[in-house]
Amino acid sequence: MRVWLPYADTDEAERRLGGLPDGVEVDCYRADGDPLPSSIDQVEFYVLPYMRGEEVLSRAAEMSNLKVIQTLTAGFENFLPHVPDGVTLCNAAGVHDASTAELAIALALANGRHLDDFARNQTSGRWAPAMGQALADRRVLIIGYGRIGEAIDRRLAGFEVASVTRVARRARTGEVAVHSIEELHDLLPEADVVFVIAPLTPDTENLLDGEALALLPDGALLVNVARGKLVDTEALLAETSSGRLRAALDVTEPEPLPSDHPLWTTPGVLISPHVGGASSAFFPRADRLIAAQLARFAAGQKLENIVR
C-alpha cells in the first residue's frame, strides 16, 4: 500500500506516527517546493499538506489507484471539485477544536479590551487607557454548534458570561438546548458577542448579510473563525465603519484580504490571517489522526471523518 504523507522523510513519519502499519510504503510530500513523488499512479492514501490550497490536487486525475484523500483541515469545500469520482474524502474534524476555540476567545478578548490598539501604541510609547468591553455579563451566541462550537462553549465557562445561545443546522435537545438555524434572525437581537463557526455550504454563504447584521444590537461584536463567505463583507464594512458593530476576523472574503481593503483600517476591526488551527496544538492532534486513519485503512476498517 503506497501512501503520501506530509513529512520531510520516512524517518520523520515513523517517529511522529509511532511507526507504520505493516505493508505501508511511504512517499513524502509537503508542497513547499518539493516535487510530487513519482509514484503518482500508485498512491492509494494521500494526506494533503497542511496550509496549502487545492493546487495539491492539480494532478489528481493521474492518481489512478487513489482511494482516500485525507485533509488536515476541518473545512474541505475548496477540495471537493478536485476529488476524483470514487475517491473517499476525509476531513480533520477534531484536530482543530482546541486551537480554533482558543483563538476565538483570544480574538474576542483582544478586540473587546483594545489589545490591538495597545500593541500599536507600544511602538510609539503612547500611554492611552481606554474602557474595554469584557466577556463578563455579555450574551453570547454561537452560530455552528459542532465540535469547535462546543469547544468555544467550554472555554467560555470561566468568563462569567450572562448567557450562551447555541445554533446549529437543526434544533436538538440534550444537556444544552440548541436552536435551529431557521431561528437565527429571532436570536440575533439578543446577542452581544457572536461567534461564527458554521461550515460553509450553499445554504450558509452570506448567512450574515446586511439584514442579519442589522438585527444585532449596537456595540455587538462579531467573531468569525469559520469562513469569510459566511459574512457579507460589504455589509460588515458598513456596520463597522459606522462604529455600530465591532468585528474580530480570522477569515475574510476575499482571502487573503488585499492590502488596500478598508477593513484593515476600520476602527473596531481586528484581523488575523486565517490561523485558527495553526498553533502548537495542531501537530500532535494531526499526527494522531493520520496514524489512526492509516491503521484503519491498512486493516480494511471504516475510516473516520468521511465527508464524501
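Throughout, read-outs are computed from the coordinates displayed, never taken from laboratory work. On a predicted model such as this, the values are computed, not experimentally measured, just so you know. As a convention, Cβ positions derive from the backbone with ideal geometry for all residues, glycine included, and neighbour counts pool all protein chains shown.
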Can you tell me which residue among Ala101, Ala93, Ala119 is under 23 Å from Pro273 (Cα atoms), buried (at least 21 other Cβ atoms within 10 Å of the Cβ) and among the small types (Gly, Ala, Ser)?
-> Ala101
Determine whether the stretch 34-46 contains at least one residue that is free of Cβ contacts under 8 Å to residues at least 12 places away in the same chain and within 18 Å of Asp287 (Cβ to Cβ).
-> no
Might you check whether a residue that is within 21 Å of the chain's Cα centre (by Cα) and part of a helix (DSSP H, G or I) occurs anywhere in the stretch 159-181?
-> yes
Could you say whether any residue in the stretch 262-283 is over 17 Å from the mean Cα position of the chain (by Cα), without any contact (Cβ under 8 Å) to a residue 24 or more places away in the chain and surrounded by fewer than 20 Cβ atoms within 10 Å (Cβ to Cβ)?
-> yes
Can you confirm whether the stretch 200-219 contains a residue that is within 23 Å of Arg120 (Cβ to Cβ), surrounded by 16 or more Cβ atoms within 10 Å (Cβ to Cβ) and in contact (Cβ under 8 Å) with a residue 12 or more places away in the chain?
-> no
Give the residue, chosen from Ala134, Ala168, that is aliphatic (A, V, I, L, M), closer than 30 Å to Phe283 by Cβ and without any contact (Cβ under 8 Å) to a residue 40 or more places away in the chain.
-> Ala168
Tell me which residues, restricted to the stretch 80-94, are touching a Leu at 6+ places or on another chain (Cβ under 6 Å) and under 17 Å from Val251 (Cβ atoms).
-> Ala92
Cβ-Cβ below 6 Å, separation at least six or inter-chain, first residue in the stretch 147-164 and in contact (Cβ under 8 Å) with a residue 40 or more places away in the chain, second charged (D, E, K, R) and crowded, with 18+ Cβ neighbours inside 10 Å: which pairs?
-> Arg147/Asp97; Ile148/Asp97; Ala151/Asp97
